[in-house]
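The structure under discussion is supplied below as structure tokens; questions concerning it will follow.
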Amino acid sequence: MLMNIAKTLKFRRDKRWPQGAIVYQIYPRSFFDSNADGIGDLPGITAKLKYLKDLGVGVIWLSPFYTSPMADFGYDIADYCDVDPIFGTLQDIDKLIKSAHSKGIKILVDLVPNHSSDEHEWFRQSRQTREGKYSDWYIWKDPKATDKSGKPVPPNNWLDIFTGETAWEWEPARQQFYLHSFDVKQPDLNWANPEVREAIKTAMRFWLDKGVDGFRVDAVRFMGKDPDFKDNPKNPLYKPGEGSNYNSIKHIYSQGWPSLYGYLNEMADVLKEKPYQKSLRFMVTESYPETSEPVNEYLEFYKGMDPKVAAPFNFEGLGLPWQAEPWRQFLAKFHTALDDYSPLCVASYAFGNHDQHRLATRLGDPAARSAAVLLLTLPGMAFIYNGEEIGMKNGKIPPSLIKDPAAKGGASRDPERTPLQWSSAKNAGFTTADTSWLPVNSDYQTDNIQLQTKDRYSYYRLYQSLAKLRNSSKALRKGQLSVINTGHQSVLGYLRTQGRQSHLTLINFSEVSVEIKLPDSIKIGRFQISSDAETKHKKTPNNHIQLLPYEAAVFKTKHK
Ligand code: NOJ
């Protein structure tokens with residue numbers, strides 16, 4: 001009887017776990033190497049779960065660890081239901097899931113539905129002949145024409161995002177082109193084919209049966225393509241030679257076609273199937289806004305999927321300039337829109353990931369610390385990319401050591417993928433091998449986890465205190481957000497309120513100190529955290545608050 005009550009309570013507690021969750025993204029190659037081959041692995045993650053628990057993490061997202069020739073470091077999958085030997089075995093992932101769950105940590109795994117590796121058995125067979133089971137599993141097209149030299153001309157002008165060159169590759173065996181929105185070794189799957197959709201759903205069930213709590217779903221915009229494969233229009237703003245040639249066209253037919261919502265919804269339905277109903281399974285989809293109306297774009301995803309089990313990433317922490325006004329406007333508009341649409345919507349903020357330059361490199365230290373305060377006092381899921389919790393900077397990778405396929409188009413992501421800096425030991429304590437797959441940052445002897453956990457002024461301690469505050473406050477986890485008028489252009493202010501509990505976050509986006517006076521309706525209570533570790537705000541008379549350059553601070557509040 002008691003057991004049953006406990007179980008029911010646990011289930012209830014679990015029900016809306018994404019709301020307020022702190023999610024830590026692990027890029028397995030760079031997290032921790034347990035077998036001295038210079039590459040991080042699954043046992044390495046299991047070994048460090050306590051570190052994550054101590055940080056206050058409730059969920060981990062694992063970037064791909066599946067069988068892969070590693071043309072795009074695992075985002076090119078050759079077997080959706082197996083582990084690449086570089087990372088370990090299926091037993092290792094079982095152990096990791098079990099161990100994480102025993103510590104109360106949930107697991108999201110990466111799902112890459114838009115493309116597989118060209119070494120996947122489906123593609124091996126598909127490329128051989130126009131007949132047979134897999135012939136229509138990828139996007140095959142006849143040439144548009146043959147040029148003067150007799151060479152087949154690609155069916156349209158679509159470009160691959162990595163090189164900015166044609167997204168079509170000729171396959172002599174079929175005398176046809178196949179489409180690859182990313183690397184030539186990442187052929188796009190044909191989502192219009194129901195058998196493909198079933199195959200990906202089977203892979204989802206495989207991982208759900210293993211006990212994972214959900215998925216981060218890769219590159220979902222690319223799943224929806226114009227069925228007529230029309231040429232993309234030119235981008236009138238593009239200046240030849242400036243940035244990648246990929247930007248020379250607008251990708252309105254090659255991605256973002258509304259059919260994608262139907263596909264995502266089918267995937268979301270899997271999460272609701274009978275065997276998975278005991279505890280909520282959830283997916284977060286990756287799509288960067290393409291227009292100047294990101295709120296509408298995000299909302300389309302909430303509407304296109306079931307918000308009970310799915311949410312789109314919110315990438316404003318990557319896209320918005322570090323200024324008060326754009327944030328003020330975005331937060332007010334976005335959270336009002338979500339609240340109006342459905343109380344089930346979960347915001348899903350990521351300020352960094354393995355494709356984006358490091359937060360501290362983009363913003364500088366003081367603002368990057370404020371960004372931590374912002375991230376961890378916003379509603380929904382807060383995604384922390386491994387290394388951000390110690391303020392890691394972009395690594396400098398000598399040209400001869402560059403690994404990323406996207407570097408061909410001039411935008412290497414290696415700098416944000418350097419090994420996590422655990423200690424001052426050789427290779428930052430990441431590996432005992434002589435060299436790591438990417439070189440460790442040169443600053444590892446002064447900036448690493450071992451030193452920062454002992455230093456009360458460090459990034460780590462800031463993240464840890466913020467996580468502690470968030471995990472212990474229902475208002476920060478589940479409360480509504482309302483933007484307030486701080487009376488100062490450069491200062492963003494918002495309340496997070498649940499019942500009688502409320503917190504106020506104030507962020508000074510400017511490089512100078514400011515003094516603000518808040519409206520009398522807000523009764524400022526106890527000071528809780530500042531991004532500036534040495535600052536402790538005293539009780540302020542007449543609602544006056546002084547903020548340091550780039551400082552963010554959190555207070556308890558009451559409303560009159
Ligand atoms: C987005 C992933 O985050 C990125 O690393 C990858 O290269 C592309 N999708 C293609 O899968």
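Which pairs turn up if I take residues in the stretch 68-80 that are free of Cβ contacts under 8 Å to residues at least 40 places away in the same chain and look for partners that are within 10 Å of the ligand (Cβ to nearest atom) with beta carbon separation below 9 Å, at least 6 apart in sequence or on another chain?
M70/D76
What are the residues in the stretch 249-300 that are farther than 24 Å from F351 by Cα, buried (at least 18 other Cβ atoms within 10 Å of the Cβ) and of a type in the set (G, A, S), if any?
S254, A268
Could you pull out every one of the strands (runs of 3 or more DSSP E) wholly within the stretch 9-106 that has 1 or more residues that are within 16 Å of the ligand (Cβ to nearest atom) and within 25 Å of G429 (Cα to Cα)? Break it down into steps so the answer makes sense when it comes.
Working: elements: 22-26, 59-62, 79-83.
Counting at least 1 such residues, we get 22-26, 59-62.
Which of the residues spanning the stretch 350-383 are touching a strand residue (DSSP E or B) at 6+ places or on another chain (Cβ under 6 Å) and within 16 Å of the ligand (Cβ to nearest atom)?
Residues satisfying the conditions are A350, G352, N353, F383.
Additional query: Quickly run through the stretch 138-154 and pick out the residues that are touching an Asp or Glu at 6+ places or on another chain (Cβ under 7 Å) and farther than 22 Å from I200 by Cβ. Before you say what the answer is, go through the steps one by one.
Initially, the stretch 138-154 is screened for residues touching an Asp or Glu at 6+ places or on another chain (Cβ under 7 Å), giving 138-139, 153.
Once the filter is applied, which keeps residues that are touching an Asp or Glu at 6+ places or on another chain (Cβ under 7 Å) and farther than 22 Å from I200 by Cβ, the stretch 138-154 yields only V153.
Within the stretch 111-129, can you find the residues that are within 16 Å of the ligand (Cβ to nearest atom) and either surrounded by fewer than 16 Cβ atoms within 10 Å (Cβ to Cβ) or within 20 Å of the chain's Cα centre (by Cα) (or both)? So that I can check it myself, show each step before the final result.
Of the stretch 111-129, the ones within 16 Å of the ligand (Cβ to nearest atom) are 111-120, 123.
Hits for the stretch 111-129 are L111, V112, P113, N114, H115, S116.
Out of contact with any Asp or Glu (no Cβ under 8 Å at 6 or more places or on another chain), in the same structural domain as A173 (by TED's automatic domain parsing) and of a type in the set (G, A, S), is that true of G132? Steps first, please.
Working: out of contact with any Asp or Glu (no Cβ under 8 Å at 6 or more places or on another chain): yes; in the same structural domain as A173 (by TED's automatic domain parsing): yes; of a type in the set (G, A, S): yes.
Yes: the conditions hold for G132.
Might you let me know whether the stretch 22-37 holds any residue that is of a type in the set (F, W, Y) and under 17 Å from Y349 (Cα atoms)? Write out each step before concluding.
At the first step, the residues of the stretch 22-37 found to be of a type in the set (F, W, Y) are 24, 27, 31-32.
Pick out the ones that are also under 17 Å from Y349 (Cα atoms) and you get 24.
Looking for residues that are of a type in the set (F, W, Y) and under 17 Å from Y349 (Cα atoms), one finds at least one in the stretch 22-37, hence yes.
Go through E286, E266 for me and flag whichever is closer than 27 Å to Q25 by Cα, within 16 Å of the ligand (Cβ to nearest atom) and acidic (D, E). Give the derivation first.
On the way: E266 fails: within 16 Å of the ligand (Cβ to nearest atom).
So the residue among E286, E266 that is closer than 27 Å to Q25 by Cα, within 16 Å of the ligand (Cβ to nearest atom) and acidic (D, E) is E286.
Yes or no, residue by residue, for (1) away from the ligand (no atom under 16 Å from the Cβ); (2) closer than 15 Å to A268 by Cβ; (3) part of a strand (DSSP E or B):
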position	(1), (2), (3)
R174	yes, no, no
D183	no, no, no
Q186	no, no, no
W191	no, yes, no
E195	yes, no, no
A199	yes, no, no
M204	yes, yes, no
F215	no, yes, yes
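The values are calculated or read from the model by the stated rules, or taken from the named source; none is laboratory data. This one's a predicted model, so the numbers in the text were calculated from it and none came from an experiment. Cβ sites come from the backbone with ideal geometry, for glycine too, and all protein chains shown count toward neighbours.
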